[in-house]
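The structure under discussion appears below in the form of structure tokens.
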Amino acid sequence: MKKVRALFDFVKFPVPVKIAFYNNVVEKLTGNTKFPEPDVLLAEAKTKVDKLNTTYLASKDGSHTAISAMYDAEEVVDHDLRLTAAYVNRIANGDETAILSAGFHTSKQPASIQKPVLAAIDGDNSGAINLVAKAIPKSRAYIWQMAKDKLPETEAGWGIVGYSTQAYLQLTELTVATRYYFRVAAITPTGNTDYTPAVMKLVV
């Protein structure tokens, strides 16, 4: 039987999701008796992820210098996350419960994870839509996808329109009198949920 291990999937997360993920790992490892001496000190880890958050917020102005600083901070956080995941794998030695208690996703996923339930509601202004999903317990972030005009027949037809830490997303400047399709998935400590069934909304 293949040994269960902590996944390194966090490397591919977008920055805001990575920040939420690493903060969760730090929180889960703090006081965790299964992992008493992490290779990366938790206080240092928190300082580095806070710096990533600061540089991410600063990068929104589009400045090349700010964006470069964000990438530098992200590289440092990725390095520490890899070291921390390797430490968790070494100490847990295949114990899935221990790995999950450290906040990492595991190579052995549960057979079924509850999906969010999604609704699309008219916004306050023309061309605005509010997406509201049923919150999933312990979820750390949500991935929102959209398609225009027709329901996609393949995964390639969907595009990511946002990430959020709450089960809510507001979209603006959509094309009026156009059909849009939306779906959402939650990122949880045990892995990502499946996407919800698509919800169609005619923008007014």
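The values are calculated or read from the model by the stated rules, or taken from the named source; none is laboratory data. All figures in this text were calculated on a predicted structure; none of them were measured in a lab. Cβ placement follows ideal geometry from the backbone for every residue including glycine, while neighbour counts extend to all protein chains displayed.
Take the conditions (1) within 18 Å of Ala20 (Cβ to Cβ); (2) modelled with pLDDT under 90; Ala156 misses just one of them, which is (1). With the condition kept exactly as written, say whether any residue in the stretch 168-176 is within 18 Å of Leu118 (Cα to Cα), crowded, with 17+ Cβ neighbours inside 10 Å and touching a Lys or Arg at 6+ places or on another chain (Cβ under 9 Å). Looking through the stretch 168-176, none of the residues is within 18 Å of Leu118 (Cα to Cα), crowded, with 17+ Cβ neighbours inside 10 Å and touching a Lys or Arg at 6+ places or on another chain (Cβ under 9 Å). Assessment of the stretch 9-27 against the conditions (within 16 Å of the chain's Cα centre (by Cα), polar (S, T, N, Q), modelled with pLDDT of 90 or more and part of a helix (DSSP H, G or I)) yields no matching residue.
In the stretch 36-65, what residues are closer than 30 Å to Ile91 by Cα and part of a helix (DSSP H, G or I)? Matches in the stretch 36-65: Leu42, Ala43, Glu44, Ala45, Lys46, Thr47, Lys48, Val49, Asp50, Lys51, Leu52, Asn53.
Checking the stretch 57-71 against the condition returns no match, with no residue being surrounded by fewer than 17 Cβ atoms within 10 Å (Cβ to Cβ), closer than 17 Å to Pro189 by Cα and within 20 Å of the chain's Cα centre (by Cα).
Where strands (runs of 3 or more DSSP E) fall wholly inside the stretch 114-204, the ranges with 1 or more residues that are within 24 Å of Lys12 (Cα to Cα) and touching a helix residue (DSSP H, G or I) at 6+ places or on another chain (Cβ under 9 Å) are 141-148, 159-164, 179-188.
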